[in-house]
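Read the figures in this text as sums done on the coordinates, not as results from a lab. All of these numbers come straight from a predicted model, not from anything done at the bench. Every residue, glycine as well, gets a Cβ built from its backbone with ideal geometry; the counts of neighbours run over all protein chains shown.
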Amino acid sequence: MSDDTIFINRELSWLDFNRRVLALGKDKNVPLAERVKFLAIYGSNLDEFFMVRVGSLQERANLEQEQGKKVKRENKTNMSAAEQLTAIMPKTAQLQEECDKYYAKALEALAECGWRKVDLDHLSKEDEHFWKKYFQTELFPILSPQIVDNRHPFPFLRNKEIYLGVLLKEKHPAGQSLGIIPISSQMERMHVVKKDGETQFALTEELVLHFAASIFGKETIQEKCLFRVTRNADIDVKEGMMDHDIDYREIMTELLKRRRKLAAVRLQITPAPAPEVERLLCNRLLLTHKRVFEQKSPLDLSFFYKLTGRMEAEGRPELFYPAARPMLPPPDYDLAAEVQKHDVLLSYPYQSIRPFIAMLKKAAHDPEVISIKMTLYRMARESQIVQALMEAAENGKEVVALVELRARFDEQNNIDWSKQLESAGCTVIYGFDDYKVHSKLTLITKKSKEGYSYITQIGTGNYNEKTSELYTDYSFITADLGIGEEASNVFQNLAVQKLTETTEKMLVAPLRFKSVLLDEMDRVINAAKLGRPASMILKNNSISDRDIILKLEEASCAGVRIDMIVRGICCVRAEVPGKTENLHIRSLVGRYLEHGRIYSFYDGVTTRIYIASGDFLTRNTECRVEVGVRVEDPVLIQKLSDILQLQLRDNVNAREMRADGSYQKVKAAPGEPLVNGQMDMYDLLRDDWLARDAAPAAEPEQPEIKAPERPSEPETRPEPVQVAEQPPEPAKQPATVKAAPAPHAVDRAGRHGHPSLFQRLHDWLRR
């Protein structure tokens, strides 16, 4: 990488993100049970990365090689698909070595707490007898051994399933055959026993490996190992759309079946080495040695979820994060009534999603409500939100649900819900052929004597009760007539597969999203050129869009202070001299998954703030239907500004990017209080439900955002450490909220010498 380039490859940046996730697996400031969950998340993330990103790159590389197509290079680092694959593999191998080390340390820490993994290679005679008997009675009867030789074909190896591979001697001197035993995902993975005052656990695949001789015969085994195959899961919906008479749900169902049989992209093996088994597998799977990852840790770390579940059930709260549940509003809180008085912003997981669900349920029975329209991308398996929509339809309301069936790995759940919605009388549509609908948009339409009115909700996160307690997101609800009319127009366009071209207050990708944000950046750039203290604070999950990156470079060169809070993929380098030296990037990886998008632009006079469902990834800006909105309520502008400032002061979860693209942990200076940008949100929002009722009648002045002080330089650089896509199950927690270990009060002093809204409110209450 050139010293002055501002671009970072997308895939390598993702691996760096997963390294930051992995780092939490060894962070002693994280409770032990949570550390092992992060190891599982890291593994799940890597699985998805290979299934989706590596899978698609492999397909492209194969087409270019086999069909002689022109090599397509990505538009930032100019790497071909083959070159990206070459760069990915050694970096993944390095990550696996680090994971093996952290896993070993985690086992030591678990043992100290009374949870010991059985070491099958060093059993006493008594324990050997016990586990052999256990294997023979509980596991052996349900195993299905297979022999691969000239008379028996090589079986299909299922995606992400663990297998035992055994190289067997044959009667003929030079003869060899391969024995395979599937360790079905339907089997109980972990076996727990109580002994000597501690809990011991063993994994099914390791028991099968240890007692393989009792299956195949001791004299016949030459080599043995466990292995796991990862397959490409990047299915293309367009392939199934050739016959327009076929139902779209049927197409998706068939494509999901095909996903299971796509080409292999990775082979994991433990313990290493088993060279002949590896050679045979690579030949059958058409994989090179570079795609083989030998590891010391288990091939699938998801068993940690079940282990920590048992730890929680046995009453070990000290091994988990302190209990924290979403804050509930007062019992008489009515969101539909509240939004008639002023705009509302809910912040998940700190505030409960229940008021929104209650509003939907109320709308289902409100005689003035004539329709409810909603975009659905990812839903909970037991969704109260969907139930409210079906209830509304059964009560005679017009209910339109746009269900995106292409929500990766949630396709089957969405297919099932779409059927139920249709059965309840809802109108179900599926969006565009060429654009995935990733929007989070709800529109409730009412008709009274005064005419039509709207309640519009625009969010950054999915309508999913489960993830609303795990992901940080923002939900904006308004009765603004203009926003309601624009939302109505969006739904009308979605129904006829038409893109929205014109809006005033809403962002609607792909035509009115990036263009609006680039215009806002130009406004800030022009202010800086006039000598005003211009700045931007941009919080999202990822950034890869080249146009936006180049605009950030232009802004930096114009003297604009830019602070970015980017959780995951980041294809722009910060603090490159002469190019992005005024661009500062940090990543927050902690207890909650940072998912909210906030875009704040300050031109030295006014601040304009947007929330949106879309990131700065090219797929969001150009290839999806995303929605956002400009927040105009001064109170909510102040709230969002305070949230951004809090995260910019974080010295617990934050890592900052350096000019070489690496990340360094932000550490509190001696005597400096700890600021946890996630957990301190509870204090920031504690009185939020009632704050508006106490506010003065006069509109507050437009708040301004001040660029934060640069955090102190970390003394040491962390060791290198990159969604499992599936988050851990939320712990059962009491209703009380415990403060962070070292809470830090949010600074609500006014920016640029002016009293803040909160200070003015405090003074007003004192009067």
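Along the charge dipole of the stretch 10-318, which of Asn159, Ser302, Thr199 sits closest to the positive end, that is, farthest toward it, with unit charges on the beta carbon of Lys, Arg, Asp and Glu (+1, +1, -1, -1)? After comparing all options, I get Asn159.
At a Förster distance of 30 Å, what's the computed FRET efficiency of Glu161 paired with Ser515, Cβ-Cβ distance as r, to 0.05? Taking R0 as 30 Å, the efficiency between Glu161 and Ser515 is 0.05.
What pairs from Lys306/Lys667; Lys26/Lys133; Lys101/Lys194; Lys362/Lys498; Lys290/Lys539; Lys341/Lys447 go past 29 Å between their alpha carbons? Beyond 29 Å: Lys306/Lys667; Lys26/Lys133; Lys362/Lys498; Lys290/Lys539. Relative to the current alpha-carbon distance between Phe432 and Val192, full extension at 0.36 nm per residue lengthens the span by 81.5 nm.
With the crude spin-label approximation of a point 7 Å out along Cα→Cβ, what separation in nm comes out for Cys623 versus Ser423? Here the modelled spin labels are 3.5 nm apart.
The value of relative contact order for the stretch 10-318, using C-alpha pairs under 8 Å at least six residues apart, is 21 percent. Hydrodynamic analysis of the stretch 318-384 uses the Kirkwood radius over alpha carbon pairs. Inserted into Stokes-Einstein at 37 °C and 0.692 mPa s, it gives a translational diffusion coefficient of 229 µm²/s. Taking 7 Å steps out from each Cα toward its Cβ at Tyr134 and Leu530 produces label points 7.4 nm apart. Using θ = phi - 60° in the Karplus curve 6.51 cos²θ - 1.76 cosθ + 1.60, the 3J(HN,Hα) couplings for the stretch 591-596 round to 4, 9, 7, 5, 10, x Hz; x is entered for Gly and Pro. Within the stretch 335-495, antiparallel bridges make up roughly 70 percent of the DSSP beta bridges whose residues both belong there. Of the peptides 429-439, 287-297, the ranking by mean beta-carbon count within 10 Å, highest at the top, reads 429-439, 287-297.
Plainly put, the stretch 81-167 has a radius of gyration that is 1.09 times its Kirkwood radius, both from alpha-carbon atoms, as the Rg/Rh ratio.
Taking the Cα centre of the stretch 325-403 as reference, the dipole from Cβ charges on Lys and Arg (+1) and Asp and Glu (-1) amounts to some 340 debye.
In this structure, Leu550 and Ala659 have a Cβ-Cβ separation that, at R0 = 22 Å, corresponds to a calculated FRET efficiency of about 0.75. In this simple spin-label approximation, Ala313 and Glu398 carry label points 7 Å from Cα along the Cα→Cβ vector, and these lie 5.0 nm apart.
Per-residue extension of 0.36 nm, minus the Cα-Cα distance of Thr606 and Cys557, leaves a gain of 15.5 nm for this segment. Computed over the stretch 335-495, relative contact order equals 30 percent, with contacts defined as Cα pairs under 8 Å that lie 6+ residues apart.
Which of the aspartates and glutamates could a cross-linker bridge to Lys419, judged by Cα under 14 Å and excluding same-chain residues fewer than eight apart? Cα-Cα hits under 14 Å: Asp247, Glu250, Glu404, Glu411. Please compute, over every Cα-Cα pair in the stretch 270-334, the percentage with a separation greater than 15 angstrom. Value for the stretch 270-334: 72 percent of Cα pairs lie more than 15 Å apart. Here the stretch 335-495 is treated with +1 on each Lys and Arg Cβ and -1 on each Asp and Glu Cβ, and its dipole about the Cα centre works out to around 180 debye. Beta bridges from DSSP with both residues in the stretch 543-699: antiparallel share about 70 percent, rounded to the nearest 5. In this structure, Glu450 and His342 have a Cβ-Cβ separation that, at R0 = 25 Å, corresponds to a calculated FRET efficiency of about 0.85.
Overall, the stretch 10-318 carries a charge dipole of about 520 debye about its Cα centre when +1 sits on the Cβ of Lys and Arg and -1 on the Cβ of Asp and Glu, all other atoms neutral.
Fully extending the segment from Asp416 to Arg523 would add 33.9 nm, taking 0.36 nm per residue of separation and subtracting the current Cα-Cα distance. When the P(r) of the stretch 335-495 is calculated, the portion above 24 Å amounts to 28% of the C-alpha pairs.
By the Cα gyration tensor, the stretch 10-318 has an equivalent ellipsoid whose semi-axes, rounded to whole angstrom, run 35, 27, 19 from largest to smallest. Each peptide among 393-400, 309-316, 632-639 gets the average number of other Cβ atoms lying within 10 Å of its residues, and from highest to lowest they stand as 632-639, 393-400, 309-316.
Which percent of the Cα-Cα distances in the stretch 504-614 go past 18 Å? It works out to 47 percent of all Cα pairs. Remark: the stretch 110-115, residue by residue, has Karplus-estimated 3J(HN,Hα) of 5, 4, 5, 8, x, 10 Hz, where x stands for each Gly or Pro and the curve is 6.51 cos²θ - 1.76 cosθ + 1.60 at θ = phi - 60°. Across all C-alpha atoms in the stretch 72-220, the radius of gyration and Dmax reach 20.5, 63 Å.
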